[in-house]
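*Asks:* Once you've had a glance at the structure underneath, I'll fire off some questions.
The values are calculated or read from the model by the stated rules, or taken from the named source; none is laboratory data. None of the values given here were measured: they were computed from a predicted structure. Using ideal geometry, Cβ is built from the backbone for each residue, glycine included, and neighbour counts are taken over all protein chains shown. Accessible surface areas use protein heavy atoms only, side chains included; no ligands, DNA or RNA. Shrake-Rupley method; radii C 1.70, N 1.55, O 1.52, S 1.80 Å.
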Amino acid sequence: MTNKVAFVTGAAQGIGAAIARRLSKDGFSIAVADLNITGAQQIAQEINQTGQAVALKVDVADRQQVFDAVDKTQKLLGDLNVMVNNAGIGPTTPLESITPEQFAQVYKINVGSVYWGIQAAVKAFKSQGHGGKIINASSQAGQVGSPNLGLYSGTKFAIRGITQVAAKDLAKDGITVNAYCPGIVKTPMLKDIAHKKAQVQGKDDAWMMDQYAKNITLGRLSNPEDVAACVSYLAGPDSDYMTGQALLIDGGMVFN
Ligand SMILES: NC(=O)c1ccc[n+]([C@@H]2O[C@H](COP(=O)([O-])OP(=O)(O)OC[C@H]3O[C@@H](n4cnc5c(N)ncnc54)[C@H](O)[C@@H]3O)[C@@H](O)[C@H]2O)c1
């Protein structure tokens with residue numbers, strides 16, 4: 001695969017960084033998009049040792065910023081073929097404590113970003129005269145409700161729904177839309193969630209990690225690279241006959 005371009009949000013760390021590295025190995029030029037521009041620049045610099053990448057500062061909750069960043073990607077890298085709407089936040093929000101401000105923030109970032117990312121990608125694909133692939137981050141918490149993650153879990157269910165609608169609406173334009181559903185992945189987000197869950201139980205973080213592992217059929221937590229391998233499949237030609245799906249890549253937590 002040559003001259004293909006992928007835009008990856010939340011790519012300064014965690015799963016997004018692993019996706020950016022993996023898609024570069026697959027032959028894509030990468031737009032490393034994140035609110036954290038310093039982190040994005042570090043990942044882009046690393047990728048530029050062997051491939052091609054640019055770092056872009058973007059708040060994915062802001063529609064105009066997403067459109068501007070995708071425009072810039074087309075100018076700098078010459079095309080857009082794959083959009084990975086990966087950025088998200090996962091605050092611990094027990095149901096009875098959720099505030100309107102938290103609701104607005106989590107839905108704007110996790111769900112708004114997927115709408116804006118889809119819109120910007122469709123505009124770019126059409127301007128380049130070809131179809132493309134859109135890939136959204138859901139979660140095992142978007143398949144089964146997750147305790148204490150009332151807002152987060154709701155957003156991840158919403159993303160599966162939006163993925164299905166977009167798949168149906170965009171097939172006529174040669175665009176496939178799929179989602180990936182990671183389980184428990186060792187990233188800064190997970191460390192934060194695990195720390196808060198452990199605190200509630202009066203335990204330490206290592207205890208929480210053991211509890212997680214007990215509920216995973218393969219007996220270990222996920223590395224970001226496990227998820228990146230799934231996204232590699234969704235971004236490449238082997239998934240051309242797949243659309244509207246939400247692939248579980250969780251070591252065997254949820255069985256459908
Ligand atoms: N870690 C897990 O166990 C897990 C499990 C299931 C799903 N996921 C999903 O995978 C995705 C990545 O998760 P992660 O664990 O790598 O998270 P992370 O917190 O480690 O990294 C998220 C990245 O997104 C960026 N970001 C946050 N808000 C942003 C905004 N408004 N605009 C632009 N960038 C923004 C952050 O700067 C950060 O670089 C998320 O959508 C998350 O919900 C994670």
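*Asks:* What's the number of the condition residue 134 fails, among (1) within 30 Å of residue 241 (Cα to Cα); (2) within 14 Å of the ligand (Cβ to nearest atom)?
*Replies:* Residue 134 satisfies all of (1) within 30 Å of residue 241 (Cα to Cα); (2) within 14 Å of the ligand (Cβ to nearest atom) except (2).
*Asks:* With the structure loaded, tell me whether residue 168 is within 15 Å of the ligand (Cβ to nearest atom) and either in a helix (DSSP H, G or I) or within 18 Å of the chain's Cα centre (by Cα) (or both) or whether it fails that test.
*Replies:* The answer is no for residue 168.
*Asks:* Go through (1) over 25 Å from residue 229 (Cα atoms); (2) over 19 Å from the mean Cα position of the chain (by Cα); (3) of a type in the set (Asp, Glu) one by one and return the number of the condition residue 59 breaks.
*Replies:* In the conditions (1) over 25 Å from residue 229 (Cα atoms); (2) over 19 Å from the mean Cα position of the chain (by Cα); (3) of a type in the set (Asp, Glu), residue 59 misses (2) alone.
*Asks:* Something else about it: Identify the residue in region 67-99 that is of a type in the set (S, T, N, Q), outside any strand (DSSP E or B) and within 24 Å of residue 179 (Cα to Cα) and, among all such residues, is nearest to the chain's Cα centre (by Cα).
*Replies:* Of everything passing the filter in region 67-99, 86 is nearest to the chain's Cα centre (by Cα).
*Asks:* Sticking with this structure for a sec: Name the residue that is surrounded by the fewest Cβ atoms within 10 Å (Cβ to Cβ), counting only residues in region 100-141 that are within 14 Å of the chain's Cα centre (by Cα) and over 30 Å from residue 77 (Cβ atoms).
*Replies:* 140
*Asks:* Is it true that residue 64 is in a helix (DSSP H, G or I) and open to solvent by 60 Å² or more (accessible area, probe 1.4 Å)?
*Replies:* Considered against the rule, which asks whether it is in a helix (DSSP H, G or I) and open to solvent by 60 Å² or more (accessible area, probe 1.4 Å), residue 64 comes out as yes.
*Asks:* Give 12, 17, 33 a once-over and let me know the one that is touching a Phe, Trp or Tyr at 6+ places or on another chain (Cβ under 7 Å), within 13 Å of the ligand (Cβ to nearest atom) and under 20 Å from residue 229 (Cα atoms).
*Replies:* 33
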